[in-house]
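Since the structure comes first, as structure tokens, the remarks are kept for the end.
No value in this document is a laboratory result; all are computed from the given coordinates. Predicted model only: the values in this text are computed from it and were never measured. Virtual Cβ from ideal backbone geometry, glycine too; neighbours counted across all protein chains shown.
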Amino acid sequence: APVTTPATESGVLPGFIDTPADGLCLITSVLWSMTPQARTAVYLHLQTHSRIHPISRLARFLDDPNTTRPQGRELKALQDDIIKVVADRLAAYQNNPAGLPPEIARAYRGQQQATVYNRLHAMDNETLVTGLTTLWAQGDGQHLPLNILADHYTSLRQRLNPGQTRDQATTAVRWRLDPQDEPAARAYLTGHGITPPTDPTDHVALRQAYLHALTNIGGMELGQAYQHIGWHLDTNSVQPDTMITELANHADHDTLVSLLAELHYHAPLTHQEHTALHTATLTWEDSWNTDYGESLVPLLAHTLDIQLRTTNTRDTRDTTTLNPTATNPITIYRSHNHYTAH
């Protein structure tokens, strides 16, 4: 039976409900932590996107807000249903792995980063430059966030011009909002008593004013605001191809290693990796502690369309939110490789 565990010695942890250490604790924690509202939302989502069978155990569980936490055979049947739904969702991307939410690939690649860094550090500059320019020419750079590329480029400008401050080095990189978002930004500013920049062509000033309003009036943290407005280069900014050329010509060894590692981290799954992840999903109990097992967490969140918050059992301030744009928040706890319910 579930056991309610008291707070840790630090006192920051409210009670949580332990789950069996059977390799399926993630699924169990999510099932046990669903509110009635979340169950209904997940049921409607799966009806639309996964053609869930209306008389399956999973459908009956989600459609009945009064169902208690499942145990024994019922729990195993629900776990099997969840695995099938997740595997079916993943199989839909067989011909287009790049279409999967980026969180899924990054969870897998995050497990490889130490190995990747070591391999890249062993290469000489010429090999690194060849790798960088080849990957960029093949289009692999399209998945690299522009702010990461621009940060490397800005650091290079500052290194090549020792007298420049960081602000001076960033003048060549000019950010703007997505053109489709600019009317809403102007409306937001006006609605809060702020006059938007009068020059309609000064996209950089509009972005700065909107960013300032989101943090000082909207209450967003700076990182949240940057994520909200995205990263788009103005037409009069230095462009990515130029940044890559300058980095290839002048970057030092550590910068090249870091940039190539970032390219690897943000790359989508290959077809071979997609197949391996699909196999890991079907063998969840045995695969949860592999590199691919890390991808099962965001994959589950996106399949069920839930905002999955995983909180460290020893410090609730250490919380990771997966699928943050979803409207159905579910909180579970993690301790090393074990998940427990809320």
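Structure notes:
- Once the Cβ-Cβ distance of Asp80 and Gln164 is raised to the sixth power relative to R0 = 51 Å, the FRET efficiency obtained is 0.25.
- Rounded if a/c under 1.5, otherwise prolate or oblate - the range 96-191, Cα gyration tensor axes: oblate
- With only the Cα atoms considered, the range 243-325 has a convex hull volume of 179 Å³ per residue.
- Across the range 305-327, the residues whose backbone nitrogen lies under 16 Å from the label position 7 Å along the beta-carbon direction of Leu44 are 305-307, 326-327.
- Estimated at 0.36 nm per residue, the fully extended path between Asp199 and Ile217 surpasses their Cα-Cα distance by 4.2 nm.
- Between the beta carbons of Asp63 and Gln94, assuming R0 = 30 Å, the FRET efficiency works out to 0.50 to the nearest 0.05.
- Paramagnetic label zone (point 7 Å from Cα along Cα-to-C-beta, Thr321; backbone N under 19 Å) in the range 206-243: 211-231
- If the convex hull is drawn through the Cα atoms of the chain, its volume per residue in Å³: 185
- Residues of the range 201-244 with amide N under 12 Å of the 7 Å Cα→Cβ point at Ala172: 237-244
- Here the residues Thr245, Thr40, Thr310, ranked from fewest to most Cβ neighbours within 10 Å of their Cβ, fall in the order Thr245, Thr40, Thr310.
- Computed over the chain, relative contact order equals 30 percent, with contacts defined as Cα pairs under 8 Å that lie 6+ residues apart.
- The range 110-118 - phi-based ³J(HN,Hα) in whole Hz, Karplus 6.51/-1.76/1.60, Gly and Pro as x: x, 6, 9, 4, 4, 5, 4, 4, 4
- Per-residue [θ]222 nm for the chain (sum of -39500 (n - 2.57) over DSSP H runs n ≥ 4, rounded to 500): -16000 deg cm²/dmol
- Amide H contacts under 5 Å for Phe16, placed H, 5+ residues apart: Thr5
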